[in-house]
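Where a number appears in this text, it was derived from the coordinates with a stated rule and is not lab data. Note that this is a predicted model, so its numbers are computed, not measured. Note that we place each Cβ from the backbone using ideal geometry, even for glycine, and neighbour counts take in every protein chain shown.
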Amino acid sequence: MKAIARKEVSAGLAPNLARLWRYALVLSGARDVADDLVQATCVRALERAEQFQLGTQLDRWLFSILRSIWLNELRSRRVRMGGGFVDASEALVFDGSHEIETNIFAAQVLKEVGGLPEAQRETVLLVYVEGLSYREAAEVLSAPVGTVMSRLAAARLTLAKLRGTPEPKLERRQGEDGPKSITQGPKDE
Amino acid sequence: MSEDDEDARLVAYIDGELDKDERAAVEERLTTDADLRARLMRLREGERPFVAAFEALLERAPVERLQASLAEHVARQERRRTSMRDSWTLRTGVLAAAAAIILFCAGIAIGRYGPGWLAGGPEGGDEDWRQSVVEYAAFYTPETFGSEPASKPKDLALVGAKLGLPLTPERIALANLEFKDAQILNFRGAPLGELDYLDPATGPVLFCIIRDSEPNAAMKTETRGEFAVASWARDGRGYIVIGKLPVKQIAELANSLEQRF
């Protein structure tokens, strides 16, 4: 059984690299850290391959490992080394106007999600992008299902606000100044 | 139910995560509760084409590079295993005997110098990992690393990341020794970094670092079996340098490393 688990893990790493990297980027907000995080995850997964439970989904297991390395090792190192946290909203949008022009909607969504707090970002990724059920996400996050729900609610409310949807309890007031534009105004050179 | 709980329940409703009864209850309230409808609307405004947007990140993942480094890691482990296995096959009986002798010698060393060694850790646990390194080192021969290319700075950095120490080729370089490999092991849940060097005259020299929050301890040197050993602890990490060199030489190497760690 152990040998089968080892085989399954080593065969299953390569097909999951891109998704692991995406999760790592969403967590760390920095591409070089994401690279390191994925590599460390692979090494750890191979070391612990015998602990992988056959019949369960490998990607979930790998997500958990990646997350625990991020929380226990890399994140604290970044803080200790004075790196602090990068604004993930910047890291998730790629440089090069090419991508942004051709895929302006994707860039906008990535920027908005990148602006959410880390816990909400990763929950959005796991549930809405990776398609995990609340229960599965809760397992990866080592958190109760209620936490998954409240993080998703908080994330949705923030994103709704970015669309300018008013608080439902406030009366919609007509005739006031529109929202101030932060992108159209003259730039200070 | 608080507003937050209500929002959480509505999100679960939107995401199809409620069971049949809960769903029916929410729907019934929605028919009569305008405020709830407004909240639902607002939560729906938070929807985005998440899947499509995040596809872009998959395309940007450096898959080839990650794959290459994964393959390299697997190959290195394989070489290491083969080389270990070869030395086992070549020296089967001898090796078992050697291990017993080393354990025996270590036992004598501990018995004789016990207070000096054990004083390093009030919990007495520090001794274990050092002993394990000594036993592990006994299986290494120059051939263990013979055909392998030296580890890259990236491997070093990864090992460093697990130990919470920035490791660079400059920081770990030792005069007259060739740096061969860096790997991370696990000792009872604590990350144990092992840096391997080759001394042309006497064979493998190991520099190991464990992150196990042991108390600070000054440099000590020691012989264990055929090994000379130097160790110290600082800032929650234990360090050991071990090789089949004269004690004086191991002490010099360890002193040079201690200045950097």
Worksheet item: Karplus couplings for region B:66-74 from phi (6.51 cos²θ - 1.76 cosθ + 1.60, θ = phi - 60°), rounded to Hz, Gly and Pro as x?
Response: 5, 5, 4, 6, 5, 4, 5, 4, 4
Fill in: Averaged over A:120-128, number of beta-carbon atoms from partner chains that fall within 10 Å
2
Item to complete: Using only atoms on other chains, find how many Cβ atoms lie within 10 Å of each Cβ of peptide A:156-162 and report the average.
Response: 6
Worksheet item: Say the dipole of region B:128-258 comes from +1 at the beta carbon of Lys and Arg and -1 at that of Asp and Glu; which of B:Pro215, B:Val159, B:Val247 then lies farthest toward its positive end?
Response: B:Pro215
Worksheet item: Ranked by Cβ crowding within 10 angstrom, fewest neighbours first, how are A:Val43, B:Val247 ordered?
Response: B:Val247, A:Val43
Response to the item:
Fewest-first ordering of B:Met219, B:Met1 by Cβ atoms within 10 Å yields B:Met1, B:Met219
Fill in: Stokes-Einstein D for region B:177-235, Kirkwood Rh over Cα pairs, 10 °C, 1.306 mPa s (µm²/s)
123 µm²/s
Worksheet item: In debye, nearest 20: dipole of region B:1-55 around its Cα centre with unit charges on the Cβ of K, R (+) and D, E (-)?
Response: 240 debye
Practice prompt. Please give the contour-minus-distance gain from A:Lys2 to A:Glu47: 0.36 nm per residue of separation, less the Cα-Cα distance, rounded to one decimal in nm.
Written response: 15.0 nm
Worksheet item: What FRET efficiency would be calculated for the residue pair B:Arg37, A:Ser68, taking the C-beta separation as r and a Förster radius of 45 Å, to the nearest 0.05?
Response: 0.65
Worksheet item: For labels at B:Gln259 and B:Glu3 in the simple 7 Å Cα→Cβ model, what's the distance in nm?
Response: 6.3 nm
Worksheet item: Under a no-solvent Debye model with one identical scatterer per Cα of region B:1-40, what's log10 I(q)/I(0) at q = 0.26, 0.31 Å⁻¹?
Response: -0.90, -1.20
Worksheet item: If one computes P(r) from the Cα atoms of region B:134-261, what percent of pairs lie at distances over 23 Å?
Response: 25 percent
Item to complete: Only Lys, Arg, Asp and Glu count, each charged at its Cβ (+1, +1, -1, -1), so figure out the dipole size of region B:128-258 about its Cα centre, rounded to 20 debye.
Response: 300 debye
Worksheet item: What average number of partner chain Cβ atoms lie no more than 10 Å from the Cβ of the residues making up A:28-40?
Response: 3
Fill in: Charge dipole magnitude, Cβ of K and R +1, D and E -1 - region B:186-261, Cα centre, debye nearest 20
120 debye
Discussion item. At 7 Å along Cα-to-Cβ for each site, give me the label-to-label distance between A:Ala11 and B:Lys154 in nm.
Written reply: 2.6 nm
Worksheet entry | Residues with amide H under 5 Å from that of B:Leu185, placed H, sequence gap 5 or more | B:Leu192, B:Gly193, B:Glu194
Worksheet item: Taking the Cβ-Cβ separation of A:Arg163 and B:Arg234 as r and a Förster radius of 35 Å, what is the calculated FRET efficiency to the nearest 0.05?
Response: 0.05
Item to complete: May I ask you to list the residues of region A:40-69 whose amide nitrogen lies under 18 Å from a point 7 Å from Cα along the Cα→beta-carbon direction of B:Ser132?
Response: A:44-51
Worksheet entry | Theoretical FRET efficiency, 1/(1+(r/R0)^6), r = Cβ-Cβ of B:Ala52 and B:Arg79, R0 45 Å, to 0.05 | 0.55
Fill in: Mean-position separation - Cα centroids, region A:112-148 and region B:1-77, in angstrom
7 Å
